[in-house]
1. Which condition number in (1) farther than 23 Å from Phe120 by Cα; (2) part of a loop (DSSP other than H, G, I, E, B); (3) not small (Gly, Ala, Ser) is the one that Thr628 fails?
2. Based on what the data block shows, is Trp530 touching a Phe, Trp or Tyr at 6+ places or on another chain (Cβ under 7 Å), closer than 22 Å to Lys470 by Cα and not basic (Lys, Arg)?
3. Could you please find all residues in region 599-624 being in a loop (DSSP other than H, G, I, E, B), touching a residue at least 24 places away in the same chain (Cβ under 8 Å) and either among the hydroxyl-bearing types (Ser, Thr, Tyr) or under 23 Å from Met558 (Cα atoms) (or both)?
4. Does region 350-373 hold any residues that are farther than 14 Å from Ile544 by Cα, in a helix (DSSP H, G or I) and open to solvent by 10 Å² or more (accessible area, probe 1.4 Å), and which are they?
5. Is it the case that Asp147 is modelled with pLDDT under 90, at negative phi and not polar (S, T, N, Q)?
6. Filter region 420-438 for residues that are within 22 Å of Ile375 (Cα to Cα) and not in a helix (DSSP H, G or I) and give the result.
7. Can you name the residue in region 230-278 that is open to solvent by 70 Å² or more (accessible area, probe 1.4 Å) and among the aromatic types (Phe, Trp, Tyr) and is also nearest to Asn5 (Cα to Cα) among such residues?
8. What is the one condition in (1) in a loop (DSSP other than H, G, I, E, B); (2) surrounded by fewer than 16 Cβ atoms within 10 Å (Cβ to Cβ); (3) modelled with pLDDT of 95 or more that His76 does not satisfy?
Amino acid sequence: VHWVNYHDDALAYLAQLIINEQKDHLPDLSHVHIIISEPSAAATLRYQLLRRAAHYDVTALLGIHIETLKEWAYRHLTDNIKLCDPHSQELILIEALNQYPDLLGSTSPWVMAENLLSLFSELTLKHVQLPDSPDDFIAQLQQAYGDSSQQFSALGREAKLVHTLWQAWHTQLQDEGLSDTNSAYLYGLANSLDEVNDKQFFYLAGFEQFNPAELDWVQTLINRNQLRLLLHGNGKPANTNYHPDAPLTTISQQLSLSYAVTKKSPYTEFIDNVFDINTSPLQQRASNFQLQVENSPVKNNLAVYAANNTENEAHAIELQIRRWLSKGDKYQRIAVVTENRRLARRVRALLERSQVEIQDASGWALSTTSAAATIERWFECIEEDFDYLALLDLLKSPFLFTDIDRDNFKKVVYRFEQDIVRHENVSRNIERYQHALLTRRDRLANWSTESYSLLKNTLTRLDAAAQPLKAVFASKKKETASDLLQLFTESIENLGVFTAFESDMAGQRFLHALTELKTAANTINLPMNWLEFRTWIGRHLERINFQPVRQSSSVQLMGLSQSRLQKFDALIIAGAEQEYLPGRVSPSPFFNEAVRQELNLATLTVKLSERLHHFRRLLESAPRILITLRSEENGEPITASPWLDAIPVSYTHLTLPTTLPRC
């Protein structure tokens, strides 16, 4: 086990360790497996490996594997394992919920299924076995709750719901000969140990927690002397469960590891003092530290900018990045780490406007892309009888009817908006639009034959493409998921959208999502009405994280967890408000904290400590750090992150000069 301090470059350390230990095998490292928790760190690690291999006159490395633990495990599934994808799992659970309407009550089956799948995932990964009898399960929970008669009724309903759906879900999977993704992961992990030969060697880095199966896997390979575990953080135990070092303390206890105590800089000592919350009150810790260290260790490392609103914060971030870039090669790696996706997208737009390329490792929901917006407008046209707002947005989409000359089409759409919608005051219904178009042409004669025909044909094509879906919407009857997907696919093919999506990155991801849903529907062909179908599509697009092709750039945009193992020349931690740091760590709707601890499930304290660990690590991941936040928005004060409030630094107000070199 190798402890790497927060202020050290973990990837550089790992690369040096690998090359030093494997130098006799260079350049062939096909026996080396590097397991990292964050895939986005792979490119930097490869660069670091090549840099260090160059000292041995090696310019290329052969066969080295860099992957996640899940990727490794899934490669070791046997042929008899038939994997049930997450979308099929959801439909199976929805089908089970529909069989128990008394358990569901007024709750949305989709929301209930999402929460139950999250719980089932935890139960599986933690090796939690529910009793065969629901009464035994109720008794177990009642003991954990420490209660009695007052909560017995609610407790019984909760236990019965979880127990019944757990059994029904697993029975359905078994009947279909399927394995859920988490069970398959655990099986692949265990099976891989039998397939590892004595020449293979493993390096693990960036992990803050292990489930029981992962611990067994790690411990087995450590015992075989075939694994190095790199832990990035202080080599000392945390003094409380809510502490930046708590996640690594848990791993140390689980694996019975010894700690590595190293000499620390005044800055490291300062940050440690800030978060040693159980030793003494903050003010006393600050006074004691001031007696030990005369000059502030954060003066040249850390600055905070409090903005008046989101736009001001985004401009400040863009300005600071361009200032750093204007200093040349000194800043080769600049990162913006934020959990505020709205702010991230605005920063990205400002930088692109300044011709600064940026790598966005976190991406954004597919539902927010223009491709998904086109689909949403199409659904609205079906539901609202081609209301003019939805129709105009659809007609202005670059994905619609790509077989028509775009310049002519744009002119016709403009004429339609001005003449038919505004002057004729027609706001919905294809027949009314066409009637108004004919009337206006005959009355004013200012529509050319070509323009009239183009718009008339466009409206006719839209109406024809919509008819099958409008029939489903109007009938209120349930159709099978596969039939609805077929009707939907045919409709967007008739719009020309399908073809246009094939040449757009977000469109391609949408088509892939459609294929995923079709696979799920073929597994469990669940009957749905129109609203359920719309919900199914919408939730799927919301959950998909869309990432454009990564460009080589000095500036990276990422979330907290994606910054694992990374080291930067300069860093901006943006959106440092309580809303995002620690952010909304939503409690599970099932079981209170005491029961979750009894069942060995993650508690809120554990989840918050992991996020605090990431924040603490970031505070030493660059020599220059700017933390930004909003002090107010629309005149309303915004609460700063309690983690930031604990750090007594002066607020450094940035100014926005009128001239600055464009990068």
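1. So the condition that Thr628 fails would be (2).
2. Details: touching a Phe, Trp or Tyr at 6+ places or on another chain (Cβ under 7 Å): yes; closer than 22 Å to Lys470 by Cα: yes; not basic (Lys, Arg): yes.
Yes: the conditions hold for Trp530.
3. Kept after step one, since they are in a loop (DSSP other than H, G, I, E, B), are these residues of region 599-624: 599-603, 619-624.
This time we only want the ones that are touching a residue at least 24 places away in the same chain (Cβ under 8 Å), so: 599-602, 619-624.
Matches in region 599-624: Leu619, Glu620, Ser621, Ala622, Pro623, Arg624.
4. Result: Glu352, Arg353, Ser370, Ala373.
5. Working: modelled with pLDDT under 90: yes; at negative phi: yes; not polar (S, T, N, Q): yes.
So Asp147 fits the description; yes.
6. Ser427, Arg428, Asn429
7. Among residues in region 230-278 that are open to solvent by 70 Å² or more (accessible area, probe 1.4 Å) and among the aromatic types (Phe, Trp, Tyr), the one nearest to Asn5 (Cα to Cα) is Tyr259.
8. (2)
The values are calculated or read from the model by the stated rules, or taken from the named source; none is laboratory data. What you see is a predicted model, and the numbers here were worked out from it, not measured in a lab. Don't worry about glycine lacking a Cβ; one is built from the backbone with ideal geometry, like all the others, and counts go over all protein chains shown. Heads up: the accessible areas ignore ligands, DNA and RNA and are worked out on the full protein's heavy atoms, side chains in. Shrake-Rupley method; radii C 1.70, N 1.55, O 1.52, S 1.80 Å.
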